[in-house]
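The values are calculated or read from the model by the stated rules, or taken from the named source; none is laboratory data. Bear in mind the structure is a predicted one, so any value in this text is a computation, not a measurement. Reconstructed Cβ throughout: ideal geometry from the backbone, glycine too, with neighbour counts over all protein chains shown. Accessible surface is based on the protein model in full, side chains and every heavy atom, while ligands, DNA and RNA are left aside. Shrake-Rupley method; radii C 1.70, N 1.55, O 1.52, S 1.80 Å.
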Amino acid sequence: MPVEEFVAGWVSGALGLVLGHPFDTVKVRLQTQSTYRGIIDCMVKTYRRESVLGFFKGMSFPIASIAVVNSVLFGVYSNALLLLTATSHHERRLQPPSYMHIFIAGCAGGFLQTYCLAPFDLIKVRLQNQTEPRAGRGSPPPRYRGPVHCAASILQEEGPRGLFRGAWALTLRDTPTLGIYFVTYEWLCRQSTPEGQNPSSTTVLVAGGFAGIASWVTATPLDVVKSRMQMAGLGQREYQGLLDCMVSSARQEGLGVFFRGLTINSARAFPVNAVIFLSYEYLLHAWG
Ligand SMILES: C[N+](C)(C)CCCC[C@H](N)C(=O)O
C-alpha cells in the first residue's frame, strides 16, 4: 500500500488547519450560541472578551489530530482509487479515473476518516464554545481546562460513548460530501489542464479552494446538527437523536438554522483547501 499519500495528507492537513482555525471558531459559536448578530459581531465580541487568542481556542489538539484525519482521508482515497482503477497517483494524469470511481473513493475516505475525527471534533467544539476570558480576570474558570482535561471530563461525566456524541451526524455529513470534494477538484483540474499534463499550481489552488466550498456548502445543514448534538449533554438541550435535533431546531428557529455558518464555512474553505491540495500535490510530485 503506497504510504506517501498518507504523509502528504498529514502535512497538508496541518497547514490547512492553522490557516482555517479562527474562521472555524467563529462558525462553531454562530451555530451553537444565539448571542451573536452575525459574523462581524461574533468576531468583535470574541476579540474584546478573549483577545486574538480566543480565535485559537481548541487549536493545539486538532493540529495533531486533523493532520491524522486528513492523512486518513487522502491515503484511503488514493488507495481506494488504486483498488478501483489499478492506477497509482502518478499514472492518473495519463489514465484519468471516471468521476464515479473518484466519488466512491472519496466517500470511502470520508467514511473512514470520521472514526478518527469524531472524538477530536467533539473536544474541539466543546473548547471553542467556552467563551470565558482567560483565567485570572475575576470570572469563574471555564469548565474545561484544556483538551486532555476536556476528554477526561467527558469520559467521566458521559462515559466512553460520550466521546462519540454526534458521530452519526458527522458520518452522514462527511461521507457524501467528501465524494463531492474530490469530484469537484478533479473536474476543475481537468477543465483547465491539457490532457495528460499536470495541473499548474494556480489551477490546483483554485480547484482545491472551490472543492472545499462545494463540499462545505453541501455539508452545512448536517454540520449544524452535528455541532448541536455535540453540545448536548452540557446542560444544553438534550436530543433524542439526529431527527429530533433537526426537527426541534427547525421548529424553534426556522429552516434558516440549517444554513448557519454557511458564509463563514465557505470563506474558510477556500484558502484552507487551496493550501491542502497545493501542498499535497507538491509533496507527491517532489517525492517523484
Ligand atoms: C466534508 N466537509 C465539508 C465537512 C469537510 C471537508 C474537509 C476539508 C478540509 N479538511 C477542511 O477542513 O476544510
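Here are some notes:
- VAL275 open to solvent by 10 Å² or more (accessible area, probe 1.4 Å), of a type in the set (A, V, I, L, M, F, W, C) and assigned to a helix (DSSP H, G or I): yes
- Candidates PRO140, PRO119, PRO176: the one that is in a helix (DSSP H, G or I) and either open to solvent by less than 40 Å² (accessible area, probe 1.4 Å) or more than 16 Å from the ligand (Cβ to nearest atom) (or both) is PRO119.
- Residue match in region 242-260 (condition: free of Cβ contacts under 8 Å to residues at least 60 places away in the same chain, surrounded by 17 or more Cβ atoms within 10 Å (Cβ to Cβ), farther than 17 Å from THR177 by Cβ and of a type in the set (Ser, Thr, Tyr)): yes
- Count - residues of region 84-108 that are open to solvent by 50 Å² or more (accessible area, probe 1.4 Å), of a type in the set (A, V, I, L, M, F, W, C) and closer than 22 Å to THR177 by Cβ: 4
- Of the listed requirements (1) in a helix (DSSP H, G or I); (2) away from the ligand (no atom under 16 Å from the Cβ); (3) out of contact with any Pro (no Cβ under 7 Å at 6 or more places or on another chain); (4) not aliphatic (A, V, I, L, M), PHE210 misses just one: (2).
- Those residues of region 35-54 which are without any contact (Cβ under 8 Å) to a residue 40 or more places away in the chain and not in a helix (DSSP H, G or I), in sequence order: THR35, TYR36, ARG37, GLY38
- Region 152-167, subset assigned to a helix (DSSP H, G or I) and in contact with a helix residue (DSSP H, G or I) (Cβ under 6 Å, 6 or more places away or on another chain), residue nearest to the ligand (Cβ to nearest atom): ALA167
- Filter result (more than 14 Å from the ligand (Cβ to nearest atom) and either on the phi > 0 side of the Ramachandran plot or without any contact (Cβ under 8 Å) to a residue 60 or more places away in the chain (or both)) within region 213-235: GLY233, GLY235
- Filter pass, THR184 being hydroxyl-bearing (Ser, Thr, Tyr) and within 16 Å of the ligand (Cβ to nearest atom): yes
- Qualifying residue in region 278-286 (condition: in contact (Cβ under 8 Å) with a residue 24 or more places away in the chain, open to solvent by less than 10 Å² (accessible area, probe 1.4 Å), away from the ligand (no atom under 16 Å from the Cβ) and in contact with a helix residue (DSSP H, G or I) (Cβ under 6 Å, 6 or more places away or on another chain)): yes
- Subset of region 56-89 (residues that are of a type outside the set (A, V, I, L, M, F, W, C) and free of Cβ contacts under 8 Å to residues at least 12 places away in the same chain): THR87
- Test result for THR25, within 14 Å of the ligand (Cβ to nearest atom), buried (at least 16 other Cβ atoms within 10 Å of the Cβ), modelled with pLDDT of 85 or more and among the β-branched types (Val, Ile, Thr): yes
- Summed over region 81-116, the residues that are modelled with pLDDT of 90 or more, outside any loop (DSSP other than H, G, I, E, B) and away from the ligand (no atom under 16 Å from the Cβ) give a count of 8.
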